[in-house]
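J.: Structure in structure tokens, see below.
The values are calculated or read from the model by the stated rules, or taken from the named source; none is laboratory data. These numbers come from a predicted model, not from an experiment. Ideal geometry is used to build each Cβ from the backbone, glycine not excepted, and the neighbour counts take in all protein chains shown.
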């Protein structure tokens, strides 16, 4: 059961990546997470938002949508969505070191998201956008 949630929308500008990461982390703080848990969430959100900016919208500016739900079992579900170009082959895109842009891009975004969350799902449609859902259990500090 969802006990609290929020949504936000912002432009796909790199300056907003830090804002989105901090906002999701601040909302998650109500679960009294450990420093490691909060850093995991910040890292995963950062990677997902960066993917929207760099890959989803490439050289244009569009909207990024984030929804966060906290469940009564201390599960946090973060949905990050763009309406950009979409991913042609999700399986290939999730392979470590795969990138469509080359250059200084490492191609580790999905691998990083997966390693810092309990579950990662990716849905995408070419020319319609991509939705990444990050799920993390917050065990929190010793009471």
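J.: Residue under question is residue 51, and the condition is that it be over 18 Å from residue 122 (Cα atoms), outside any strand (DSSP E or B) and in contact with a helix residue (DSSP H, G or I) (Cβ under 9 Å, 6 or more places away or on another chain); does it hold?
T.: no
Results for (1) touching a residue at least 24 places away in the same chain (Cβ under 8 Å); (2) in a helix (DSSP H, G or I); (3) within 17 Å of residue 80 (Cβ to Cβ), shown as yes or no for each residue.
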{"position": "5", "(1), (2), (3)": "yes, no, yes"}
{"position": "8", "(1), (2), (3)": "yes, no, yes"}
{"position": "13", "(1), (2), (3)": "yes, no, yes"}
{"position": "22", "(1), (2), (3)": "no, yes, yes"}
{"position": "27", "(1), (2), (3)": "yes, yes, yes"}
{"position": "33", "(1), (2), (3)": "yes, no, no"}
{"position": "41", "(1), (2), (3)": "yes, yes, yes"}
{"position": "46", "(1), (2), (3)": "yes, yes, yes"}
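J.: Follow-up. Kindly indicate whether residue 93 is over 11 Å from the mean Cα position of the chain (by Cα) and modelled with pLDDT under 95.
T.: On the way: over 11 Å from the mean Cα position of the chain (by Cα): yes; modelled with pLDDT under 95: yes.
It is true that residue 93 is over 11 Å from the mean Cα position of the chain (by Cα) and modelled with pLDDT under 95.
J.: Does residue 63 qualify as being closer than 16 Å to residue 133 by Cβ, modelled with pLDDT of 90 or more and surrounded by fewer than 16 Cβ atoms within 10 Å (Cβ to Cβ)?
T.: No.
For every residue, the table says whether it meets (1) modelled with pLDDT under 95; (2) more than 11 Å from the chain's Cα centre (by Cα); (3) part of a loop (DSSP other than H, G, I, E, B).
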site: 87; (1), (2), (3): yes, yes, yes
site: 101; (1), (2), (3): yes, yes, yes
site: 104; (1), (2), (3): yes, yes, yes
site: 111; (1), (2), (3): yes, yes, no
site: 133; (1), (2), (3): no, no, no
